[in-house]
Amino acid sequence: MIKASAPGKLMLFGEHAVIYDKPCIVASVDHRISVSLKKRNDNNIILTAPELNIENENISDLEKSHFKKVSFLLTAIRNFFKKYDVKSGLDIKTQSEFSDKVGLGSSSAVVVSAIKGLSELFKIKMNEKDVFDLSYQTVLDVQGLGSGFDVAAAVYGGILFFKTAGKVIKAINVQNIPLVIGYTGIKADTPTLVKVVREKRTKEPKKINHIFNEIEKIVNLAKTEIENKNWKEVGRLMNLNQDLLRNLDISSKKLENLIKAALNAGAYGVKLSGAGGGDCMLAISKKDNLDNIKKAIEKAGGSIINAKIPTEGVRIE
């Protein structure tokens, strides 16, 4: 049996603009999803996925629309088989260290783990870019949109300066960013929020393109300041990025409550992370104030995700 695992992700800078060919900065988090694979003597694909309440089910018989999470996995397998002209039944087991409700990129982590595991199982050499390309295509096949930053975080790990579809994937070599991750308790509806921003851009192209251009400037500055470990300046840039995201109308009352609480507790900077509407927010601060910020976020009704940032990318266990 082969077991591969990949990390989740958090967007540090560049939400929504990344879809329109602007750069972003994304970090891998040490909450991982693993996929275990074993060949079968028949053509059945049998899945056990405790987090989806699936026990020994033949997923090749399932309709894609019934189980979106299953469709990511099944499409990854189909794409791999087609590209490398292989065919086999499989026993598959997935394990997750985080819920798919918190917006840490579980779908991409599953796809990347599966493709890396399949390459090992069938002894097919794939470099990181090969894994990224096939995984990204799989995500597009299932959901029809996406810039690929979450796929890149799962493949490469670390902190990445990224442009749409992997046109640029550059590592930012920094460890132990003093961040607090707060969770709203609300699952973000990413496709709907992406659509809302797209419609805004159609109605007000000049305004929205200006926002995206300003976000791009912030991302470029943030790359340098993260490399310099200038956390106070990184925080200032986070606040500027959040102001621009507010202008896209993708924040929410719950996110704003947690952001305000973290700022009042002395954070250098705070912003939402991801599509908006819910999911997570991030606060950066001097290290000896992180506990105060955690308490403030919890007091405001959020919960804390304890995760190390960054961590390594996909690996064979």
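Annotations
- Over all other residues within a Cβ to Cβ distance under 12 Å of Val26, the charged ones net out to +2, with Lys and Arg as +1 and Asp and Glu as -1.
- Alpha carbon centroid spacing (whole Å) that separates region 201-245 from region 93-159: 27
- Average 1/r across all pairs of distinct alpha carbons in region 179-304, invert it, and you get the Kirkwood radius: 14.9 Å.
- The ranking of Val26, Val18 from fewest to most other beta carbons within 10 Å of each one's beta carbon is Val18, Val26.
- Within the chain, helix-based [θ] at 222 nm, where runs of 4 or more DSSP H residues each add -39,500 (n - 2.57), nearest 500: -13500 deg cm²/dmol
- Acute angle (nearest 10 degrees) that the helix 128-143 long axis makes with the longest principal axis of the chain, alpha-carbon atoms: 90
- Cα-based shape type of the chain, given that a ≥ b ≥ c are square roots of the gyration tensor eigenvalues and the cut on a/c is 1.5: prolate
- The protection proxy used here, the mean number of other Cβ atoms lying within 10 Å of each residue, ranks peptides 125-131, 300-306, 30-36 as follows, highest first: 30-36, 300-306, 125-131.
- Between helix 68-84 and the chain: long-axis angle, C-alpha atoms, 0 to 90°, nearest 10: 60
- Candidates Ile250, Leu272, Ile211 compared by Cα position along the dipole of the chain: farthest toward the positive end lies Ile211, with charges placed on Cβ.
- The slack in the chain from Asp91 to Lys167, taken as 0.36 nm per residue of separation less the alpha-carbon distance, amounts to 23.9 nm.
- Sparse-neighbourhood loop sites, GluC sites (Glu not before Pro) in region 22-60 - DSSP loop, at most 11 other Cβ within 10 angstrom: none
- The chain, dipole about Cα centre (Lys/Arg Cβ +1, Asp/Glu Cβ -1), debye to the nearest 20: 480
- On full extension, the segment bounded by Lys83 and Lys195 gains 37.2 nm, given 0.36 nm per residue less the C-alpha separation.
- FRET E, pair Gln143, Lys286, Förster distance 41 Å, beta-carbon r, rounded to 0.05: 0.60
- Assigned charges on the beta-carbon of Lys, Arg, Asp, Glu; region 179-304 dipole about Cα centre (debye): 180
- Burial ordering of Phe132, Phe212, Phe149, fewest other beta-carbon atoms within 10 Å first: Phe212, Phe132, Phe149
- Structure note, pairs Lys9/Lys294; Lys68/Lys294; Lys9/Lys170; Lys22/Lys129; Lys170/Lys308: Cα-Cα distances above 24 angstrom occur for Lys68/Lys294.
- Average Cα contact separation per residue, the chain, under 8 Å, 6 or more apart, as relative contact order %: 26
- Once the Cα atoms are used to define both axes, helix 106-121 deviates from the longest principal axis of the chain by about 40 degrees.
- Under the criterion of Cα pairs below 8 Å and six or more residues apart, the relative contact order for region 151-259 equals 23 percent.
Read-outs throughout are calculated quantities, based only on the coordinates presented, and are distinct from any laboratory measurement. Quick caveat, the model's predicted, so the values are computed rather than measured. Backbone-built Cβ (ideal geometry, glycine too); neighbour counts: all protein chains shown.
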